[in-house]
Each structure stands twice: as C-alpha cells, then as structure tokens.
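Since the structure comes first, as structure tokens, the remarks are kept for the end.
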Amino acid sequence: MAASGVVYGTRWGRTNALVLIALLVIAGIVVAVKQQVIAANLVFQSSTSQLATSAIDGSDVGFGVVRMTRSTGSGGGTDVKNVLRGGFANGKLDGLCVSQVQSILGVNMTLKITAGDGVLGTYEIQGSNALFDIVSIRGTNGSNGSGINMDGRAQFGLAASDVTTTKTNGVFDINPLEADQGTGWFGIDADKGNLYNIRGTIYDGVIGGPFSLPNLSITVTPGTSGCDASPLPK
Amino acid sequence: MTGNRRRQRVLVLFALVALLVASTITTGGRDEPAHAAGACGPNDAYRSTLQLYGGAGTLRPCLSKVNINVGIPQSGQSHFFDIQKIRIIEDNVTLRYADGSTESNLKHITFESFNVRDNMTLTVDGPGYDVRMAPDAAAVIGGEGVNTDLWVTGDSFVTVSSIILFFGLCTTASVNLFSNLSWLLNGSSWTGCGMNLDVRFMAVYRPTGSTTGLFPIKLPNTTISVL
C-alpha cells in the first residue's frame, strides 16, 4: 500500500478468473470446430495473413472483386480494400496453414493455425460455403498437381454479383460473394476448381458450413516465421 | 525485478495472446448475402443474351463492363501460342452491361484449341483496381477440343505465322479485318507471335460431350494478384 492510501498492484484473483474464462472459451471453440459442431469463421481484419495448402478441390467455384471494409486497428477506424473473393460451394483441402504476425507490446508474435493429416492427397479437411478474400495467390507445379485449374464452362467478365457458388433447394443463391451490384466488379465463374500447391496472402477466410479440421493446432511464437517459412501443409 | 512484477508481465502478455487468439477465431456465420430484387437490373433486364459458337448453347450473363486484356507481347519471330482455327462469329455485337448501358461494334470471335506456350498476362482493368493473372510460362485458356469464345473490341489484334503463308513470318491482323480474312483464318492452324485482345467477356467451353473433365483453364505456376 502506498503512503497516499491508493492501492497499487495486481488483483490476481480477478485477473486469473478472466484468463481462465478466455482460455475456456478458446478451448470450447477449438473442441467444437474439431468435432464439426460449429462452423468456423477466421477473421483477420486489420492486416493480411499468409495462407498455404497442398491443394483445394472445390465445386461450384467463383471469383469476384469485392470491396472489403477493414479495421485499421486504431480508434475504431476502417478503410476499404478491393480484394478478389474466391468462393467454393463445397471444398476439400489437403492440409491448411494460416498465419498472421501481430505486434504485442512492441514484440512481433506469429499466430499460426495448422491442420491436416500429414499425408499428401487425402483431402482430410472438408467444408462448405468457403470464402477467401485474396490479395494474391500462387499455385505451382508439384507431384500432386499443377497450379490453378478450372473445369466445366468457365466465364470471365461476369459482374461479381452474378457469380454463383452455393445453392438453396437446388437453386443458386443470389450474390453469394456479397459483391456490389452493377458494373465495375469483375467476376469469374466455373463449375469446378482444382488448385495445387497454394501460397497466398489473404485478408480473411470464412467456412460457412460444417467444417472438419483434423489435428488442429494453434501456436503463438515470437518472431515473424509464418506459413511462408514452412513446408506446404498436407 | 521482483517475482511479483515478472509474474504480472507474463500474465499480461499471456492475456494479450489469449485475446488475440480469441479475436481471431470467432464462431457463427457471416451476414446473409444482400439479396437484390433482381440479380441484374429490374427483372433481370440488364442481362446480355449470347450464343456460343456452333450451337453450343446460349448464355445470359450479367456483365461487369470491365476490360480484360489478354496480352502476349511479340518478341521478334518467337512463337508463343497455338490456335487450330480462328473464327469470326458475329461482326457487330452489342453487349448490355449490369448497369443497363450498352456497347456496340464489338466482335465475337472463337479460338479453337487455344494453347499458350509463354509470355501471356491477363490483366483486368477495373475502376480503382487491377487483377493480374500471370503464368510463368505455358497456360491453357481452352486447349484441345475446347472453344474459347471472346467478345472483343475491333482494334484488338493477333500476330500469327504459318509455314505456308507469309513465308512463315509473323503477321498482324486486326480483329476488324477478320471478316475479310475468315477464309484464311478458318483454313489453317496458326502459330502465334503475339496478341493484344481487349475482351469484354470470355467463355471457355467444350462444344460437345460432357462439360467437365477437360479442365479448359490450366494455369500452372501462376500468380493471381489484386493491385
């Protein structure tokens, strides 16, 4: 106790209780995602994240340029970024890594989320209604496949709001990419998309439907070593 | 540093990390898509009606009015692509766009079995953004047994060569001239030296049989970026 009578110091009981609650919430979410009880919604609003996967196999695939409102991380401010939103009505991934660097008390920390069974070609991660807000994406050749591929009737130059992915009662949903209406927003539509050996930069990724993430791992480590510095997850 | 203060700092750091993880993984869905009264203007009136080559079907796209430049810069007499046939399908096409506006004097052309060896970039020139698709080398925008229908401006051009014509030299033909040259363009397989196409809409499809299984878009070693 200070001489002025003001009490300084940490109220350990209250602090520990809050930390315990936070940890229980995180643990509950992780368990629920692992058990496919809930959909997962990975949101990185203020800065970009690294994405890596050995492969994505998606049906009813579309890409469209959309405006994404992003938190600037200070004073509740926002700004708008144009991103290429990739939508997959149904998708399977062969391994997944998403990482983001955050500065905490001036120290760079990297949050990394990984999942997969470690076996190439098993597509063990499955979900529906997946959306990724892409800044850049690169597909390359590998033993499992080559780069970015689309199948069926592919159309380039659609309005992004006219791209179709998900269906309700067998009818395509209107504007599943949530794009602006009207002209100026470019879109691509295809029946199927196979993407191999993917590394990219995204703002966020959303899996709208039930989602399985076997061997989910979440790590926070000092430094800036993210998915780009790791072998492709599988 | 006292043990108490060290413990305090560790706990604060831990709490921040926990907050970061908790804010990164959230549950629940995204907001429902904003359903418009009509997907493309009132009662879908702003859709274009486009016939694919060879009776392969009719499309009713809602068009973005964004230019897609298919660029293959010429470099001497080097060959960068192959096309089995180049066809002019319609010489004066009017497209309707998603805002109800129209653009006339466009050309509908078809490339049969279009394969790119190298040097191609697709650049989407949107208002306030570009999307760039840049294969390192070879790419397929069609491929064997597939048609690539393009609605392009008349000043677009291809630069091609043929062993039996022009002494094998690269020769440029504007799309405006395709009608006059159709007997020639349809009659020979072409090796390409370059092209500069300003495309308003492109459909890549298999004209007969199953629509899937061929993967008419193949972009190995390719970067797609929004600039």
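Report, in whole Å, the centroid distance computed from the Cα atoms of the range A:202-234 and the range B:33-94. After rounding, the separation between the Cα centres reads 37 Å. Proximity of backbone amide H atoms, modeled 1.01 Å from N, is registered between B:F201 and B:W151 at under 5 Å, excluding neighbours fewer than 5 places apart on the same chain.
Projected label points at B:N43 and B:D99, each 7 Å from Cα along the beta carbon direction, are separated by 2.4 nanometres. Per-residue Cβ neighbour counts within 10 Å put B:M195, A:M109, A:M68 in the sequence A:M68, A:M109, B:M195, beginning with the fewest.
Here's how it looks for A:V163: its modeled amide H is under 5 Å from none belonging to a residue 5 or more places away or on a different chain. Within the straight-line cut-off of under 19 Å between alpha carbons, the lysines reachable from B:K85 are B:K107, sequence neighbours fewer than 8 places apart in one chain being disregarded. Note: relative contact order over the range B:150-227, using C-alpha pairs below 8 Å and six or more positions apart, is 36 percent. Using a cutoff of 8 angstrom between alpha carbon atoms and counting only pairs six or more residues apart, the relative contact order for the range A:84-234 works out to 37 percent.
The amide H of B:D99, built 1.01 Å from its N in the peptide plane, has A:T183 as neighbours under 5 Å, considering only residues 5 or more places off or on other chains. Size descriptors for the range A:94-204, from the alpha-carbon set: Rg then Dmax equal 16.9, 51 Å. For B:K218, the lysines whose Cα falls under 16 Å of its own Cα, not counting residues fewer than eight places away in the same chain, are A:K192.
All of the numbers you see were taken from the coordinates with simple rules; none came from a lab. Bear in mind that the values here come from a model prediction, so they are computed numbers and not experimental data. Positions of Cβ are generated from backbone atoms using ideal geometry, with glycine treated the same way; all protein chains shown enter the neighbour counts.
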